[in-house]
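Enquirer: Could you have a look at this structure, given as structure tokens, before my questions?
We did not get these values from a lab; they are worked out from the coordinates using the rules stated. Bear in mind that the values here come from a model prediction, so they are computed numbers and not experimental data. No Cβ is skipped: glycine too gets one built from the backbone with ideal geometry, and neighbour counts run over all protein chains shown.
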Amino acid sequence: MVEVSYNLQAAVDSKHKLVAATHTINRNDTNALSAIALEAKENLELETFTALVDKGYHNGRELDTCKQNNITTIVTVPDQGKSSENGTQPAYFASKFTYNKETNTASIVHFS
């Protein structure tokens with residue numbers, strides 16, 4: 001059985017409202033950000049730019065690739081999914097920790 005399920009990616013220049021890059025891929029948005037952002041950067045001949053994307057593109061590896069290529073990303077953090085034996089357990093959710101800016105550390109709010 002073959003499943004054909006293409007996903008179109010498009011990058012648009014906010015100033016002129018023109019399409020700067022497009023990709024047709026067979027994977028989800030989570031793994032698509034850096035490729036389309038790099039192509040847009042090259043096509044627009046920019047040294048740096050800011051990419052504004054929805055939470056479907058939130059992926060540490062993809063965000064890091066953008067950062068390494070002088071692309072600033074603004075992306076919403078996705079909603080915390082349900083825990084499972086194969087996923088993040090509730091005790092380790094980000095909401096269980098507090099960040100101390102002065103010491104650049106995190107501490108557990110409540111662990112039970």
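Enquirer: Between D13 and T103, what is the FRET efficiency for a Förster distance of 41 Å, r being their Cβ-Cβ separation, to the nearest 0.05?
Expert: Computed FRET efficiency for D13 and T103 comes out at 0.50.
Enquirer: Extending each Cα 7 Å along its Cβ direction at Y6 and T76, get the distance between those two points in nm, one decimal.
Expert: 2.8
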